[in-house]
Amino acid sequence: MSLLGAVAGGFVGTVVLTSSLRLAHALGFTRMDLPLLLGTVFSEDRRKASVIGYAVHFMNGIVFSLGYAAIFYAVGEAGWIFGALLGVVHAAFAGGALVNVLLPAIHPRMGTPWSDAEETPILEPPGFMLMNYGRHTVLGTLVAHVAYGAIVGGFAAGL
Amino acid sequence: MRKDGYLPIRDYAAIGDGRTIALVGKDGSIDWLCLPNFDSGAVFARILDDEQGGSFRLAPTEPFEVERRYQKESNVLESTFRTSSGTVRVTDAMTLAPGEALVPQREIVRRAECVSGSVRLAWSIEPRFHFGVKPTRIERRGKRIVALSRGEALGLGAWDAGDPQVNGGRIESEHELHTGETALLSLAAAHHEPAFFAGREDTMHRLAHTERFWPKWAERAHYDGAWREPVLRSLLALKLLVFAPSGAVVAAPTTSLPEWIGGERNWDYRFTWLRDATYTFDALETLGYEDEARAFFWWIMHATQMTAPRLQVLYRIDGGKEADESFLDKLSGYRGSRPVRVGNGAADQVQLDVYGDVMHAIWLHAREHGDLGGETGRAVAKIADYVAEHWHEPDSGIWEVQSDPTHFVQSKAMCWVALDRAVKLAEAGVISDRAEKWRAEADAIRAWVEESGWDDELGSFIRAPDLRELDASLLTLLLMDYDAEEDRLRGTVDAVRRELAVGPLVARYLGEDGLEGEEGYFLTCSFWLADALARTGRTEEANELMAELVALANDVGLYAEEIDRDGAFLGNFPQGLTHLALIGAACSIAKAEAA
């Protein structure tokens, strides 16, 4: 088991996760644009926001890989199947809480279910399992996170 | 006041909070409320079923006369009930959250103040969650009463309003108020959250905050022309239709209020029509509400991502593209007008005019704010390419006819508008430059409209080459700066007035549309006519028509989609497009008078 492997897996996994979500976006399965959602926390300029968003997203990918590594060490086991299972939990957490509840709560430009007539946010909230961005978003998110988890698990186990 | 258990549609007023709307009847009954959002299931739907729909009633027990108004430039409603023994003023509002306080997700507050004598008030709440399809139970929690259904809850707060009793599916009470006394009711909704039990002081604080917010919002309006009062009321009505969490604007907050009593023309309008984009964006920008305009613009850009470059006619307010239509057989419909629909099948129609409306809105946005961003700019260029490839196809047109698709002249003209604006955007460097191709196609469309869309005998553009009759939507050629000879545009305005208007009322068209039965006069078309008159230099006629139309509003200044010859409102209510058309006409008159 290797911490460095997990971190490297986090980087590669984030590339795969981002690319697969981007592909789903391009194919019209989802309107979710994670770098834009993250970047617009810091800037209203869409170009700047996308750049910042990608940086934040990759940083998150590395941080999460450390969390995966901690679980691998605690359990004493790593591997692509275990990683993929953690990816399922990760997807449920991301869709059910992280992006659905926590991001709108801190995002200065995103609506929440509590936004009322006094507010004029310019980004719609993701909704449960991010389904406001298209019903297939939940599937895309799941597949992307399972792939991420499998890669982190595989890299951590030294493939 | 009620006929067969139903109030006339014009007897309703709307209160809202930017997420949903309640319709308050002249007799003090709240007969429509969807929770938590505009497009959710209704908990009060008495307007669609007098017996099973559910309502929140509050009125004197003895016979009364009622006078209503909105508090000055606000969406807080005041109804003054006069009885033989005294007068009570009821204030109805959906509250907004003051600051960071813990507040209910949605809340209706009803405050009754006895201003003279004494008045015995009766109130009752019959909640029927999810249109009454799913069971509702009512329980006591200590001194409080809560109504529940699956993940939904309504917590009741009642102060100086009698001793609430639960009788079957109803919470009710009576209480006598004397001069200077105030009763207060709060109905707080929770969606997938614990029920919220409001305190009296907090409720009063939220109501006071809401009463302060609306005039402050309305005073930002930049409008000094004639018809200021109806313009401001329309603006406030429009703001009620903005879904704050996403920036989308619903066409109307109701479903299935009929376009003809007893007819089948009953549609769900709780969606956002892209067609309204231009008018909404223009109205908000012109009147100084840039934040709302910008939020709506970006909502359009986000919502259309999954279908672009093809644009759907309508989208859900959360940006979704699904609008599957089904019938609520359990509800009897407004005065027996069935079916009651949820969802809207028009989402699947091809309506080419939408492209003109959206591209014009994009152009207006770019003119005000410049750059769209590279990705959005490329997406917009692809929409223009799509129009260039598909304009020659038949469609269902602006009126969403159910008859076979045909070549509607208005649709073609709006395709010209789409390509013309694309050329302007390209020339301004905002989108990819394929201006030469787009200009060539625009010229081809113009040639088609001039050749096939004109009738010498009528002296007007026509509905379609195979439907040689008038269509009031042709007035939008003027509104959208379609490039035609002035004589032809003027001739079309005259012909619409001659063939489709009865006094101030204008029919959409008189011919076939694939549906059974009749419909009322379309109020938007009346305001478009006033707008077109102003744009063709006939401001005096435009002002005369506006005066007649403004007099047709209900007692609180709201309009439905349609109206019959007797002045009865028909169709969904309040109707965003009607109010947008009023604002547009007033602005055109003001501009013409200033010129």
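The values are calculated or read from the model by the stated rules, or taken from the named source; none is laboratory data. Model, not experiment: these values are computed from the prediction. Please note: Cβ atoms are built from the backbone with ideal geometry, for glycine as well, and neighbour counts cover all protein chains shown. When the accessible area is computed, the model is the full protein with side chains, heavy atoms only, and any ligands, DNA or RNA have been set aside. Shrake-Rupley method; radii C 1.70, N 1.55, O 1.52, S 1.80 Å.
Annotations for the structure displayed:
- Of residues in the range B:519-542 being under 22 Å from the mean Cα position of the chain (by Cα) and acidic (D, E), the one surrounded by the fewest Cβ atoms within 10 Å (Cβ to Cβ): B:E519
- Any hit, the range B:271-281, residues being within 12 Å of chain A (Cβ to nearest Cβ), under 15 Å from B:V249 (Cα atoms) and touching a residue at least 24 places away in the same chain (Cβ under 8 Å): yes
- When every residue of the range B:405-413 is checked against the conditions, at least one turns out to be of a type outside the set (V, I, T) and surrounded by fewer than 19 Cβ atoms within 10 Å (Cβ to Cβ).
- Test result for B:G370, surrounded by fewer than 24 Cβ atoms within 10 Å (Cβ to Cβ), within 14 Å of chain A (Cβ to nearest Cβ) and touching a residue at least 60 places away in the same chain (Cβ under 8 Å): yes
- Selection status of A:A97, within 14 Å of chain B (Cβ to nearest Cβ) and within 19 Å of A:T141 (Cβ to Cβ): yes
- Top-ranked residue of the range B:512-552 - restricted to ones that are touching a Ser or Thr at 6+ places or on another chain (Cβ under 9 Å) and of a type in the set (G, A, S), ranked as farthest from B:E264 (Cα to Cα): B:A534
- Considering residues of the range B:272-302 that are outside any helix (DSSP H, G or I) and open to solvent by 10 Å² or more (accessible area, probe 1.4 Å) only, the residue nearest to B:S234 (Cα to Cα): B:G288
- When B:W298 is tested against (1) touching a strand residue (DSSP E or B) at 6+ places or on another chain (Cβ under 6 Å); (2) free of Cβ contacts under 8 Å to residues at least 60 places away in the same chain, just one condition goes unmet, and that condition is (1).
- Counting the residues of the range B:452-467 that are at pLDDT 95 or above, assigned to a loop (DSSP other than H, G, I, E, B) and either touching a Phe, Trp or Tyr at 6+ places or on another chain (Cβ under 8 Å) or over 17 Å from B:D487 (Cα atoms) (or both) gives 4.
- For the range B:176-214, the set of residues classified as hydroxyl-bearing (S, T, Y), more than 14 Å from chain A (Cβ to nearest Cβ) and either without any contact (Cβ under 8 Å) to a residue 40 or more places away in the chain or closer than 24 Å to B:A42 by Cβ (or both) consists of B:S186, B:T203, listed by residue number.
- Qualifying positions in the range B:283-342 - closer than 25 Å to B:V358 by Cβ, more than 8 Å from chain A (Cβ to nearest Cβ), β-branched (V, I, T) and out of contact with any His (no Cβ under 9 Å at 6 or more places or on another chain): B:I300, B:T304, B:V313, B:I317
- Condition met for B:S74 (in contact with an Asp or Glu (Cβ under 7 Å, 6 or more places away or on another chain) and hydroxyl-bearing (S, T, Y)): yes
- Filtering the range A:1-57 to residues that are buried (at least 22 other Cβ atoms within 10 Å of the Cβ), within 14 Å of chain B (Cβ to nearest Cβ) and farther than 23 Å from A:V138 by Cβ leaves only A:A49.
- Of the criteria (1) free of Cβ contacts under 8 Å to residues at least 24 places away in the same chain; (2) open to solvent by 20 Å² or more (accessible area, probe 1.4 Å), which one B:W217 fails: (2)
- Checked against the criterion of being over 14 Å from B:I383 (Cα atoms), hydrophobic (A, V, I, L, M, F, W, C), modelled with pLDDT under 95 and out of contact with any strand residue (DSSP E or B) (no Cβ under 9 Å at 6 or more places or on another chain), the candidates B:A428, B:A440 yield just one match: B:A428.
- Every listed requirement among (1) within 11 Å of another protein chain (Cβ to nearest Cβ); (2) farther than 22 Å from B:V249 by Cβ; (3) crowded, with 17+ Cβ neighbours inside 10 Å is met by A:F128 save one, (3).
- Of all residues in the range B:204-243, those satisfying the criterion of being over 20 Å from B:L577 (Cβ atoms) and not in a helix (DSSP H, G or I) are B:E219, B:R220, B:H222, B:D224, B:G225, B:A226.
- Residue match in the range A:92-100 (condition: within 21 Å of B:A295 (Cα to Cα), touching a residue at least 60 places away in the same chain (Cβ under 8 Å) and assigned to a helix (DSSP H, G or I)): yes
- In the range A:100-121, residue nearest to the other protein chains (Cβ to nearest Cβ) [restricted to those that are hydrophobic (A, V, I, L, M, F, W, C) and open to solvent by 30 Å² or more (accessible area, probe 1.4 Å)]: A:W114
- Within the range B:222-231, being at pLDDT 95 or above and either within 12 Å of chain A (Cβ to nearest Cβ) or open to solvent by 10 Å² or more (accessible area, probe 1.4 Å) (or both) holds for B:W227, B:R228, B:E229, B:P230.
- Single unsatisfied condition, A:F72 versus (1) in a helix (DSSP H, G or I); (2) open to solvent by 40 Å² or more (accessible area, probe 1.4 Å); (3) more than 13 Å from chain B (Cβ to nearest Cβ): (2)
- Set B:K330, B:K321: member being under 21 Å from B:R19 (Cα atoms), of a type in the set (K, R) and open to solvent by 10 Å² or more (accessible area, probe 1.4 Å): B:K321
- Condition check for B:E107: within 14 Å of chain A (Cβ to nearest Cβ) and part of a strand (DSSP E or B): yes
- Residues that are farther than 23 Å from B:F461 by Cβ, open to solvent by 60 Å² or more (accessible area, probe 1.4 Å) and in contact (Cβ under 8 Å) with a residue 24 or more places away in the chain, drawn from the range B:425-448: B:A428, B:R434, B:K437
- Here the condition is being assigned to a loop (DSSP other than H, G, I, E, B) and touching a residue at least 40 places away in the same chain (Cβ under 8 Å); of B:D555, B:D531, it holds for B:D555 alone.
- If the condition is being under 14 Å from B:Y521 (Cβ atoms) and charged (D, E, K, R), then the range B:558-593 contributes B:E561, B:E562, B:D564, B:R565, B:D566.
- Tally, over the range B:98-136, of residues that are without any contact (Cβ under 8 Å) to a residue 40 or more places away in the chain and among the acidic types (D, E): 1
- There is at least one residue in the range B:239-261 that is within 28 Å of B:D348 (Cα to Cα), open to solvent by 10 Å² or more (accessible area, probe 1.4 Å) and away from chain A (no Cβ under 14 Å).
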